[in-house]
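The values are calculated or read from the model by the stated rules, or taken from the named source; none is laboratory data. Just so we're clear, the structure is a prediction, and the values are computed from it rather than from any experiment. Positions of Cβ are generated from backbone atoms using ideal geometry, with glycine treated the same way; all protein chains shown enter the neighbour counts.
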Amino acid sequence: MSEVIHYTACPICNSKNIAFALEAEDYTVSHKKFPIWKCEDCTGCFTQDVPDLEHIGPYYNAEAYVSHSDTKKGIINRLYHSIRKITLKQKRNLVQEESKLKSGKLLDIGAGTGAFAHQMNISGWTVTGLEPDEIARQNALKLHGLNLLPSDQLFSFPTESFDVVTMWHVLEHVHSLHEYMDAIKKILRPNGVAMIAVPNYTSYDAQHYGVYWAAWDVPRHLYHFSPKSMSTLAEEHGMEVVHHIPMIFDSYYVSMLSEKYKNGKYKNLSAFINGNESNTKAQRDPKKFSSVIYVIKKK
């Protein structure tokens, strides 16, 4: 059995109208290069020849991978923690606005070290967190007293058991893409909402940095979504995107990493200028922000 996945059809919409788009480097762990292909029908992109689920683990084994380690070493990770204090409260407010609930049952898929789950817990929500990485689960217990569950528990929940399902920069990592979407639809209550945040390769900062754009993050990012492809994916599973919400800080964070990948060192002024320009241009089209939160409901 092959240890890598080579797609002959788009993993998002199953179209065979696919072609090579670019090649990106894994700057975090291996420095290997991976081809990225594009689907001309749904406009989604995907990483070719990615390790399968059993073999991708080593590509996450880096202290710099902050969502698992919670490390504060280095300027990028310190910045991540500073911004996270702000964004956790913003996410809580967004959940309450979109669900129209002050409290309820929430499932956080890909909970990392549990920061968001903890924020919602102390805000009165009943939270279940799923996380595939054992080290991250241990850190969640140590940092927040949270007992996160392995990700395969997603398929064990009863029908219509959650008011809100959240995935913050997680869907692009999931090998079983369509199985996850089916499960999300099943476990959402009739008026429930899924809030799925992913990088947007059609953003202005992605166009500026090209192959150096940090949010390609190959091979960990299996898919590279456009707004059209996210709508297509939701429709395929009997759901629909009802709102697009920008993640304003992401353009600055991604630009800082992209500058390092491109120039071999951090160029913070250039990163700020390019991140700000990306946000400014995206004001004219909210679907062009560096990362987008897609608010999804059942049809």
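Among the residues making up segment 7-25, those that are among the small types (G, A, S) and not in a strand (DSSP E or B) are A9, S15.
Do we have Y252 as touching a residue at least 60 places away in the same chain (Cβ under 8 Å), buried (at least 18 other Cβ atoms within 10 Å of the Cβ), in contact with a Gly (Cβ under 9 Å, 6 or more places away or on another chain) and among the hydroxyl-bearing types (S, T, Y) here? Taking the combined requirement at face value, the residue does not satisfy it. Just one of the listed residues (V218, V211) is buried (at least 22 other Cβ atoms within 10 Å of the Cβ), in contact with an Asp or Glu (Cβ under 8 Å, 6 or more places away or on another chain) and not small (G, A, S), and it is V218.
Of the helices (runs of 4 or more DSSP H) lying entirely inside segment 202-299, those containing at least 3 residues that are within 19 Å of the chain's Cα centre (by Cα) and among the polar types (S, T, N, Q) are 227-236, 250-263.
From the list L233, L177, L188, L222, which residue is at negative phi and touching a Pro at 6+ places or on another chain (Cβ under 7 Å)? Break it down into steps so the answer makes sense when it comes.
On the way: L233 fails: touching a Pro at 6+ places or on another chain (Cβ under 7 Å); L188 fails: touching a Pro at 6+ places or on another chain (Cβ under 7 Å); L222 fails: touching a Pro at 6+ places or on another chain (Cβ under 7 Å).
Within the list L233, L177, L188, L222, the selection yields L177.
All conditions but one from (1) farther than 17 Å from I196 by Cβ; (2) in a helix (DSSP H, G or I); (3) within 19 Å of the chain's Cα centre (by Cα) apply to L141; the one that does not is (3).
Do you know which of the residues in segment 113-168 that are small (G, A, S) and in contact with a His (Cβ under 6 Å, 6 or more places away or on another chain) is nearest to T87 (Cα to Cα)?
G114
Of the helices (runs of 4 or more DSSP H) lying entirely inside segment 26-135, those containing at least 2 residues that are at pLDDT below 95 and of a type in the set (A, V, I, L, M) are 75-99. Restricting attention to segment 129-154, the residues that are surrounded by fewer than 21 Cβ atoms within 10 Å (Cβ to Cβ) and closer than 22 Å to Q90 by Cβ total 2.
If a residue must be free of Cβ contacts under 8 Å to residues at least 12 places away in the same chain and under 17 Å from Y27 (Cβ atoms), how many such residues does segment 192-222 contain? Spell out how you get there, then give the answer.
Here is the first cut: in segment 192-222, the residues free of Cβ contacts under 8 Å to residues at least 12 places away in the same chain are 207.
Next cut, under 17 Å from Y27 (Cβ atoms) only: none.
The number of residues fulfilling the criteria is 0.
Is it true that L149 is more than 29 Å from W216 (Cβ to Cβ), among the hydrophobic types (A, V, I, L, M, F, W, C), at pLDDT 95 or above and touching a strand residue (DSSP E or B) at 6+ places or on another chain (Cβ under 6 Å)? Yes, satisfied.
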